[in-house]
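The values are calculated or read from the model by the stated rules, or taken from the named source; none is laboratory data. In this text, all values refer to a predicted model and were calculated from it rather than measured experimentally. Glycine gets a Cβ as well: all are built from the backbone with ideal geometry, and neighbour counts include every protein chain shown.
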Amino acid sequence: MDASAIEKKWSSQWAETKAFQPDPDPKRKKRYITAAFPYPNSPQHIGHGRTYTTADIYARYLRLNGYNVLFPMAFHVTGTPILAMAKRIAAKDPDVLSVFEKIYGIPPKKAESLTDPRELVAYFSAEIEQGMKEMGYSLDWRRKFYSYDEKFNKFIQWQFRKLKELDYIVKGEYPIAWCPADKNAVSAHDTRGDIDPELEDVTVIKFKVSMSGHSSADSLIVTTYRPETIYGVTNIWINPKVAYVRVKLKGESLIIAENAAKALDLQLGLEITGPVKAEDILKMKAVNPVTGESVPIYPASFVSPDIGTGIVMSVPAHAPYDYLALRDMGKGNIPMPQVVSLKGYGPTPAKDECEKLGVKNQEDPLAEKATEEIYTKEAHDGVMVLGKYKGEKAIDAKEKISTDMKKTGSAFNIVTIANAPIQCRCGAGVIVNILKDQWFIDYGHTEWKAKAKKCLESMVTIPEKSRSEYLYTIDWLKTRPCTRAAGLGTRFPFDETKMIEALSDSTIYMAYYTISHLLADIPASEMDEAFFDAVFLGKGPKAKDKTVQPLRESFLYWYPVDSRHSAGDLIRNHLTLYIFNHVAIMEQRHWPKQIVTNGFVLMDGTKMSKSMGNILPLRKAIKEYGADVIRFSVVCGADLSSDTDFNKSVAEGVRSRLGLISHLVEESAKLPSTRPHGRIEKWLLSRLNRKIESAEKKYEALQIRELALEIFYDVTADLQWYMKRAHEPNLHAFFQKWVVMIAPFMPHYSEEFWSMLGGKGLVSLAKFPEADHSKIDDNIEKGEELIQKVHADIEKISGLIGKKPAKVTIYVADEWKRKLYAIAKANPTFEGLMKAANAEKMPMKDVQTIAKQIMKNVHALPSVLPQKDELDALKDAEKFLATEYSCEVVVLPESQSKHEKSRSALPGKPAIVIE
RNA sequence: GCAGGGGUGGCAGAGCCCGGUCAAAUGCGCAGGACUUAAGAUCCUGUGACUUAGUGUCUUCGAAGGUUCAAAUCCUUCCCCCUGCACCA
């Protein structure tokens with residue numbers, strides 16, 4: 001069977017019959033499933049397929065259970081990445097273009113033409129949509145929209161008005177990584193090398209300076225992460241190669257590196273009054289604001305004008321760079337006051353560490369390592385031995401000293417980029433800006449948090465263990481910026497120059513799906529606050545409007561979302577915001593019911609990444625293996641919550657099994673659908689019903705991996721056994737049920753099988769089989785297990801004796817041995833057992849041997865079949881075993897033999913004699 | 001640092017909540033065999049060690065202790081790994 005032909009055939013069938021375009025139907029129960037909508041700035045890869053496949057399996061399962069299921073999809077285009085991507089393409093960025101060509105196979109001409117954000121969105125969204133259709137996702141595409149659609153914008157603005165009414169929208173200051181050239185906020189994908197700028201508070205300490213003994217109006221300002229080491233300052237470092245300037249800050253005159261002054265201007269408002277020569281600074285003395293001590297200024301090459309203020313205070317006992325720079329200038333032996341004591345080190349930990357690592361000089365990369373080592377250790381275990389906070393932990397003293405200095409005006413805080421220097425793509429150095437009129441959503445509100453927690457309590461989280469993460473995030477969230485200066489999406493209603501940020505416009509959009517396909521005749525201008533109030537809240541002046549009614553009905557029918565699907569990394573933001581915004585805006589009956597999160601897909605054991613080039617595009621994968629194989633492969637490998645590995649051999653394994661099943665279905669389709677007659681047929685039926693029963697529970701709880709094992713891998717094993725054992729194999733009736741069970745995983749093949757087997761209509765809309773308990777037969781299954789065991793044993797023994805058996809005799813243990821087991825269970829002591837056996841007049845010699853064995857495991861004796869059942873099972877398999885070994889096989893009760901070996905037969909373990 | 005999740009056989013990965021049927025599912029890999037002119041596919045067998053006309057013994061589930069008749073599973077301590085810590089979708 002040709003996978004691609006089957007896929008095409010059935011996906012067009014689904015489209016033609018509008019199989020997955022549900023409308024409200026008051027007579028039927030509904031289920032509403034959503035998965036995170038994709039961001040079309042690249043094609044999707046196989047990893048994206050996992051979430052959607054999981055959601056689709058669930059949606060398809062629910063459909064088989066008679067639910068009216070809505071599973072919609074749209075595209076998220078909000079924010080800057082799409083703009084950034086278009087810009088990079090316009091600039092013919094070789095990295096981007098090569099990824100598109102080499103990984104995704106996009107013709108270079110096409111790729112290079114995607115310089116307009118809208119064209120880019122159109123191209124990639126079409127690509128993604130096509131991929132989703134090929135995967136067979138049962139999506140209702142009528143409801144598709146883009147997050148920059150005018151009507152959607154209206155909806156999002158409504159959402160923000162609601163939040164504002166609740167006082168959840170606030171305005172304030174906010175530090176942000178900033179490109180001074182672009183005059184724009186900078187995030188990881190705007191920087192060279194995709195580095196995420198990390199902002200960090202740093203203390204700036206003022207050292208008053210004196211020149212030739214005369215005090216001066218100037219102060220040198222130094223930046224430090226470790227203000228507590230102020231007690232150990234021996235000197236100040238500047239870099240003679242750097243340009244320094246004098247600046248005015250609130251009337252004070254400060255000396256600072258020119259670059260630093262420019263970078264800090266945005267947050268401090270500095271006025272540069274003129275240059276200062278480095279050689280002049282070196283002549284100055286600086287006064288320690290805490291100790292009052294006067295220290296010299298020395299030159300050092302490690303000081304960078306792009307980090308902090310471009311001036312550094314020297315604490316050689318605790319800072320490896322400071323020690324090294326002193327040593328480099330021949331002052332390695334000057335007194336170095338110890339501020340912090342550290343176990344395992346002498347009074348100068350920095351020196352010790354440098355010597356231990358053998359750091360050559362301040363330019364040596366090892367200096368960085370020494371610094372990290374000392375800083376981390378001192379932060380953890382350091383205890384102050386000097387100054388006001390002597391005896392306290394260094395980490396506590398740090399805060400106190402910093403606060404003290406700020407109080408006296410000798411220090412202040414700035415925000416810097418911890419991992420500086422970082423370059424914007426435009427080439428400018430990234431700096432920190434303080435946004436004065438930044439808008440926030442205030443997730444810190446206590447009542448709001450309480451409501452969110454209440455929602456979480458009533459919600460199902462799959463996996464259950466993710467619940468604690470939601471709880472943590474709910475507690476942790478506080479004010480969160482919700483606008484940006486640039487990006488696609490929706491304008492912020494209270495300041496139209498700003499755009500709503502991307503995570504903030506994707507929190508309640510699931511509500512929009514319920515009406516998005518009904519808006520064609522309603523102009524955007526009519527979609528005001530009253531309109532959405534009426535649709536989603538059923539109140540306000542438009543609540544009775546005729547145009548609103550069908551929308552309201554649709555919303556009321558579908559909402560709430562019964563299951564939200566996403567990757568697990570989104571719990572920390574999107575999914576928790578989803579909860580927050582729902583509880584803020586929606587009525588309680590419309591709060592989220594369930595969130596399902598999954599792990600990533602790894603490629604041959606490693607994370608997929610553009611730089612590694614190990615991305616497998618979804619459509620390429622489909623072409624290579626077929627949609628059903630890919631669907632199965634991305635979900636079956638691991639538990640839902642953990643990362644799963646995709647590799648060739650998994651996919652090929654699935655494909656070959658599917659091939660085996662296809663073959664059996666083809667054969668079965670030719671046979672009539674008959675009732676089971678033989679023992680092995682009963683066995684298969686029992687196994688099937690057992691699986692149906694547990695499959696239902698597992699589908700409900702989305703135990704995808706276990707399901708996959710049970711209804712696919714186990715089933716193929718069962719089928720192989722059946723085919724060996726059956727006299728006239730006929731799997732027609734079996735497959736009629738099984739196909740429905742597997743259909744959520746492998747919808748295309750299932751449709752094909754279903755039609756081959758004479759099923760009516762689409763299997764996608766069929767009914768999930770009901771388990772027939774009366775057909776589950778433990779004894780039959782145990783009997784079959786016995787046969788498998790005996791089969792394996794014969795194999796083993798004949799291997800040991802190294803010859804083909806000429807005759808096999810199987811002796812089934814006598815009934816009294818089973819009784820002995822029962823006695824042992826009731827009376828698990830050796831003496832008790834022997835006494836009871838004696839009373840029963842059992843052959844005590846044999847009893848003793850068996851009893852010894854039994855007693856080892858007396859608390860966990862296997863339950864055994866009656867002798868009759870064992871005999872029945874094995875006799876039924878006589879023919880089969882005879883064919884297997886092409887020799888005579890005889891099954892006898894133990895008592896009918898004089899053979900010595902026959903006495904070693906045990907319940908569940910017949911004796912085997914091979915001649 | 002704080003928070004969360006983990007450490008199981010060559011690999012991936014179940015089992016752990018609810019201790020015994022666990023030398024530990026399943027898949028992959030590997031080895032041998034069948035089929036084939038051959039390869040591939042498929043099927044069978046094996047895959048901790050030792051042993052054997054058999055269902056036996058020993059040592060294993062990050063490390064060390066403990067509870068128990070019995071521990072991969074429960075308790076304690078320790079070691080190691082991964083993820084997140086914010087404006088980034």
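Structure data summary
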{"quantity": "Checking A:THR191 against (1) in contact with a Leu (Cβ under 7 Å, 6 or more places away or on another chain); (2) within 16 Å of RNA strand B (Cβ to nearest atom), the condition it does not meet", "calculated": "(1)"}
{"quantity": "Extreme residue, surrounded by the most Cβ atoms within 10 Å (Cβ to Cβ), among residues of the range A:214-235 that are assigned to a helix (DSSP H, G or I) and not polar (S, T, N, Q)", "calculated": "A:GLU228"}
{"quantity": "Unmet requirement for A:SER506, which otherwise passes all of (1) near RNA strand B (Cβ under 9 Å from one of its atoms); (2) part of a loop (DSSP other than H, G, I, E, B); (3) surrounded by fewer than 21 Cβ atoms within 10 Å (Cβ to Cβ)", "calculated": "(3)"}
{"quantity": "Residues of the range A:285-307 that turn out to be within 16 Å of A:ALA411 (Cβ to Cβ) and polar (S, T, N, Q), as a count", "calculated": "2"}
{"quantity": "All positions within the range A:364-417 that are without any contact (Cβ under 8 Å) to a residue 12 or more places away in the chain, within 16 Å of RNA strand B (Cβ to nearest atom) and among the β-branched types (Val, Ile, Thr)", "calculated": "A:THR376"}
{"quantity": "Residue in the range A:50-80 that is surrounded by the fewest Cβ atoms within 10 Å (Cβ to Cβ), counting only those that are in a helix (DSSP H, G or I), touching a Ser or Thr at 6+ places or on another chain (Cβ under 9 Å) and not charged (D, E, K, R)", "calculated": "A:LEU64"}
{"quantity": "Checking A:VAL170 against (1) touching a strand residue (DSSP E or B) at 6+ places or on another chain (Cβ under 6 Å); (2) crowded, with 18+ Cβ neighbours inside 10 Å, the condition it does not meet", "calculated": "(2)"}
{"quantity": "Long-range neighbours under 7 Å by Cβ, at least six apart or interchain, first residue over 18 Å from A:GLU878 (Cβ atoms) within the range A:903-915, second within 6 Å of RNA strand B (Cβ to nearest atom)", "calculated": "A:SER904/A:ALA911; A:GLY908/A:PRO862"}
{"quantity": "Hey, A:TYR137 closer than 17 Å to A:LEU488 by Cβ, under 26 Å from the mean Cα position of the chain (by Cα) and either at pLDDT 95 or above or of a type in the set (Lys, Arg) (or both) or not", "calculated": "no"}
{"quantity": "Scope the range A:361-390; condition loosely packed, with under 14 Cβ neighbours inside 10 Å and not in a helix (DSSP H, G or I); matching residues", "calculated": "A:GLU363, A:PRO365, A:LYS388, A:LYS390"}
{"quantity": "Candidate set from the range A:642-674 (those that are among the small types (Gly, Ala, Ser) and not in a loop (DSSP other than H, G, I, E, B)); member that is nearest to A:SER750 (Cα to Cα)", "calculated": "A:SER662"}
{"quantity": "Pairs where the first residue, in the range A:468-479, is within 17 Å of A:THR446 (Cβ to Cβ) and modelled with pLDDT of 85 or more and the second is within 6 Å of RNA strand B (Cβ to nearest atom) and polar (S, T, N, Q), C-beta under 9 Å, 6+ apart", "calculated": "A:THR473/A:ASN573; A:LEU477/A:ASN573"}
{"quantity": "Failed item, numbered, when A:THR416 is tested on (1) buried (at least 18 other Cβ atoms within 10 Å of the Cβ); (2) under 30 Å from A:ILE176 (Cβ atoms); (3) over 36 Å from the mean Cα position of the chain (by Cα)", "calculated": "(3)"}
{"quantity": "Residue among A:ILE794, A:ILE776, A:ILE704 that alone is touching an Asp or Glu at 6+ places or on another chain (Cβ under 9 Å), more than 30 Å from A:ILE595 (Cα to Cα) and within 12 Å of RNA strand B (Cβ to nearest atom)", "calculated": "A:ILE794"}
{"quantity": "Those residues of the range A:662-671 which are more than 10 Å from RNA strand B (Cβ to nearest atom) and either under 34 Å from the mean Cα position of the chain (by Cα) or not charged (D, E, K, R) (or both), in sequence order", "calculated": "A:SER662, A:LEU664, A:VAL665, A:SER668, A:ALA669, A:LEU671"}
{"quantity": "Pair list, Cβ < 8 Å and 6+ apart or interchain, from the range A:98-109 residues that are surrounded by 15 or more Cβ atoms within 10 Å (Cβ to Cβ) to residues that are in a loop (DSSP other than H, G, I, E, B) and hydroxyl-bearing (Ser, Thr, Tyr)", "calculated": "A:VAL99/A:SER42; A:PHE100/A:SER42; A:TYR104/A:SER42"}
{"quantity": "Leading residue by the ranking (farthest from RNA strand B (Cβ to nearest atom)) among those in the range A:712-750 that are surrounded by fewer than 22 Cβ atoms within 10 Å (Cβ to Cβ) and within 16 Å of A:ARG631 (Cβ to Cβ)", "calculated": "A:PHE712"}
{"quantity": "Condition met for A:ASP639 (part of a loop (DSSP other than H, G, I, E, B) and either under 23 Å from the mean Cα position of the chain (by Cα) or more than 13 Å from A:MET746 (Cα to Cα) (or both))", "calculated": "yes"}
{"quantity": "Test result for A:GLY358, farther than 25 Å from A:ILE414 by Cα, at pLDDT below 90, of a type outside the set (Ser, Thr, Tyr) and over 45 Å from the mean Cα position of the chain (by Cα)", "calculated": "no"}
{"quantity": "Residue match in the range A:74-83 (condition: within 21 Å of the chain's Cα centre (by Cα) and closer than 20 Å to A:SER764 by Cβ)", "calculated": "no"}
{"quantity": "Enumeration of residues in the range A:757-784 that are farther than 15 Å from A:TRP683 by Cα and in contact (Cβ under 8 Å) with a residue 60 or more places away in the chain", "calculated": "A:LEU757, A:GLY758, A:LEU762, A:SER764, A:LEU765, A:ALA766, A:LYS767, A:PHE768, A:PRO769, A:GLU770"}
{"quantity": "For A:GLY251: the one exception among (1) surrounded by fewer than 18 Cβ atoms within 10 Å (Cβ to Cβ); (2) over 51 Å from the mean Cα position of the chain (by Cα); (3) touching a residue at least 40 places away in the same chain (Cβ under 8 Å)", "calculated": "(3)"}
{"quantity": "In the range A:306-318, the residues that are surrounded by fewer than 24 Cβ atoms within 10 Å (Cβ to Cβ) and under 24 Å from A:VAL383 (Cα atoms)", "calculated": "none"}
{"quantity": "Elements of type strands (runs of 3 or more DSSP E) in the range A:553-605, at least 1 residues being within 25 Å of A:ILE441 (Cβ to Cβ)", "calculated": "A:563-567, A:594-598"}
{"quantity": "Some residue of the range A:470-483 being within 30 Å of A:VAL121 (Cβ to Cβ), within 11 Å of RNA strand B (Cβ to nearest atom), over 22 Å from the mean Cα position of the chain (by Cα) and of a type in the set (Val, Ile, Thr)", "calculated": "yes"}
{"quantity": "Candidate set from the range A:533-552 (those that are in a helix (DSSP H, G or I) and more than 26 Å from A:TYR168 (Cβ to Cβ)); member that is farthest from RNA strand B (Cβ to nearest atom)", "calculated": "A:GLN549"}
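Residues are listed down the side, and each one gets a yes or a no for (1) outside any helix (DSSP H, G or I); (2) touching a strand residue (DSSP E or B) at 6+ places or on another chain (Cβ under 7 Å); (3) hydroxyl-bearing (Ser, Thr, Tyr); (4) touching a residue at least 60 places away in the same chain (Cβ under 8 Å):
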| residue | (1), (2), (3), (4) |
| --- | --- |
| A:LYS262 | no, no, no, yes |
| A:ILE272 | yes, yes, no, no |
| A:PRO289 | yes, yes, no, yes |
| A:SER301 | yes, no, yes, yes |
| A:SER304 | yes, no, yes, yes |
| A:ASP322 | no, yes, no, yes |
